Each structure stands twice: as structure tokens, then as C-alpha cells.
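The values are calculated or read from the model by the stated rules, or taken from the named source; none is laboratory data. Keep in mind it's a predicted model, so treat the numbers as computed, not measured. Cβ sites come from the backbone with ideal geometry, for glycine too, and all protein chains shown count toward neighbours.
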Amino acid sequence: MRRNLETLWNDALARASMKFSNPGIIRNWLKDTKPLSLEDEVLTIAVPSEFAKTWIETRYKEQLASAWKEAYGDWCDLVFSVSKPEKPVSESPALFPQDGQPVAPKKKRPSNDRFQQLRNLNPRYVFDNFIVGASNRFAHAACLAVAESPSKAYNPLFLYGGVGLGKTHLMQAIAHYVFSNHPRLKVSYLSSETFTNELILAIQEGNTQEFRNRYRNVDILLV
């Protein structure tokens, strides 16, 4: 029975893959899901982490349920359950691999007027250009969630990884996305060295209140 249910679920995933604009969705998010039970029109699916559970529920649940109905004729309610404790974020260089497919939705670039407010942004560092792989999908998804719901999702968000693995790309992608989709929000992007130097100078000159006000008045601080 279990093997039969797994076969049914895999067939439904194959059908669902035709509904997704990017084939990487199955590889990056759904390949580790396993069906646990089907009772009273409720299909319980095991997922590897709480993060994956939330991401799949909010973005792919309807397509998966629709694919199941198309395949077998019966509608069922999909319930996702975390099957094991979450693993800590990998500290290996594979955190930001250079393989996979970009899965971010297409977004227009920020206007020139908005871009001039942050001249130190690289115009190529947008979500559309970020290469998503199996081991960096959580970092990418978290940054995209922050950009879509500033100050609500993953606040604060800390990115850790080696040099040249994509941290700067993701941070600047947040700024570009906010400029394009939340034009009223104030964004400040600066290096940790600049931030530290400003803090030290404020302490030396006795202007700590001005320093506080400068950064408390921004909606998104990217360091």
C-alpha cells in the first residue's frame, strides 16, 4: 500500500511539473517529499523541514492538489508534515553552488531614478540572475520572502557563506526588488566596514543619537 501511494504521488508530481514555469521547482523543493497516508480525502505529505513546509504550502499546494485531481479524478486536501528536525544551515562552499535554475518570478528592474539612490548596487544582482541549486534554495527563498514582505518575514535575516558564493548578490537582489515593488520604503545598503566606521566616528564625536536616528529611519537595512 505504501509503495502504491508513493507511486501515485510521484505520478502526480510528474503531472504537476507541467504546471510549473521552472523545472527546478520539483528538483529543489518537491523531490524529498513523501506521502504518509491518504484517509478521508486527506493526503498527508512528509517534508524535510518547517521552512520547506511553509514554502510549499504557500506557493505550490494548489497546483499539487489540482495535479492529483487531474490524475485520479478525486479531489483531496493536502496536509504537509515535517518528517524530521531541521538541519543547520550548511557552512560548506556548496551553500551557493553554480548549478541549477533560477526560480524567482520575473520582476521589472528598478527605475533609473530609484537606482540613483543606491549607486553602489550592481544592476546585474537581481533575483532573475541568481542561480538556484538544491543546497542554496533556502537562502534564496528566505531573501525572496524578505523582499516580498519587508520587516515581516525573517526579521532579521543573517546570511553566512564563503567569499564569492552569492551573499552580496542576494542582498542586493533584495534592494532591487524593494525598489521596484515597494517604492515608498527607504533602503540603506552599505558594507560592514562602513557601518562600523560610522559607529566609531559617532562615538568619538558624541553623535550617537544622530547615528541611531539615521538607521532607525530606514525600513530595510542591508549590511
Item to check | Hits in segment 62-76 (condition: touching a residue at least 24 places away in the same chain (Cβ under 8 Å) and part of a helix (DSSP H, G or I)) | outcome: Gln63, Leu64, Ser66, Ala67, Trp68, Glu70, Ala71, Tyr72
Checklist outcome for this item: The residue that is surrounded by the most Cβ atoms within 10 Å (Cβ to Cβ), considering only those in segment 33-61 that are among the β-branched types (Val, Ile, Thr) and assigned to a helix (DSSP H, G or I), is Ile56
Checklist outcome for this item: Within segment 131-158, residues being touching an Asp or Glu at 6+ places or on another chain (Cβ under 7 Å) and without any contact (Cβ under 8 Å) to a residue 24 or more places away in the chain number 0
Checklist entry - Say we look at segment 16-32 and pick out the residues that are in contact with a Ser or Thr (Cβ under 9 Å, 6 or more places away or on another chain) and either assigned to a helix (DSSP H, G or I) or hydroxyl-bearing (Ser, Thr, Tyr) (or both); which of these is modelled with the lowest pLDDT? => result Ile26
Item to check | Residue check, Ser49 modelled with pLDDT of 85 or more, of a type in the set (Gly, Ala, Ser) and closer than 23 Å to Tyr154 by Cβ | outcome: no
Next on the checklist: I'd like the residue in segment 210-223 that is free of Cβ contacts under 8 Å to residues at least 40 places away in the same chain and outside any helix (DSSP H, G or I) and, out of all such residues, is farthest from Ala139 (Cα to Cα).
Outcome noted: Asn217
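Listed here are the residues, each with its yes/no results for (1) among the hydrophobic types (A, V, I, L, M, F, W, C); (2) in contact with a strand residue (DSSP E or B) (Cβ under 6 Å, 6 or more places away or on another chain); (3) assigned by TED's automatic domain parsing to the domain that holds Pro48.
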| position | (1), (2), (3) |
| --- | --- |
| Ala147 | yes, no, no |
| Glu193 | no, no, no |
| Thr208 | no, no, no |
| Arg216 | no, no, no |
| Leu222 | yes, yes, no |
Item to check | Residue that is surrounded by the most Cβ atoms within 10 Å (Cβ to Cβ), among those in segment 179-209 that are under 27 Å from the mean Cα position of the chain (by Cα) and more than 20 Å from Thr168 (Cβ to Cβ) | outcome: His182
Checklist outcome for this item: Exception for Asn155 within (1) at pLDDT 75 or above; (2) buried (at least 16 other Cβ atoms within 10 Å of the Cβ) falls at (2)
